[in-house]
Amino acid sequence: MDPTDSSLSLFCGKSRSQLKALLWEPDGFILLSKQLSNSRYWKS
């Protein structure tokens with residue numbers, strides 16, 4: 001997989017309270033991060 005293609009990669013932490021997104025643009029990578037304080041993104 002080429003990291004410089006037009007794809008968005010999503011990552012979550014072990015506690016599932018933080019989500020990160022990595023996006024490639026022509027001038028470099030963008031890292032977006034979102035943290036929830038009292039909840040989780042997915043319930044198991």
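Observations, loosely collected:
- Members of segment 1-25 found to be over 15 Å from Leu36 (Cβ atoms) and surrounded by 10 or more Cβ atoms within 10 Å (Cβ to Cβ), listed by number: Thr4, Ser7, Leu8, Ser9, Leu22, Leu23, Trp24
- Cβ-Cβ under 6 Å pairs, at least 6 apart or on other chains, segment 18-44 side at pLDDT 85 or above and of a type outside the set (Phe, Trp, Tyr), far side part of a strand (DSSP E or B) and surrounded by 12 or more Cβ atoms within 10 Å (Cβ to Cβ): Leu19/Cys12; Leu22/Ser9; Ile30/Leu23; Leu31/Leu22; Leu32/Ala21; Ser33/Lys20; Lys34/Leu19
The values are calculated or read from the model by the stated rules, or taken from the named source; none is laboratory data. Note that this is a predicted model, so its numbers are computed, not measured. Positions of Cβ are backbone-derived with ideal geometry, glycine not excepted, and every protein chain shown enters the neighbour counts.
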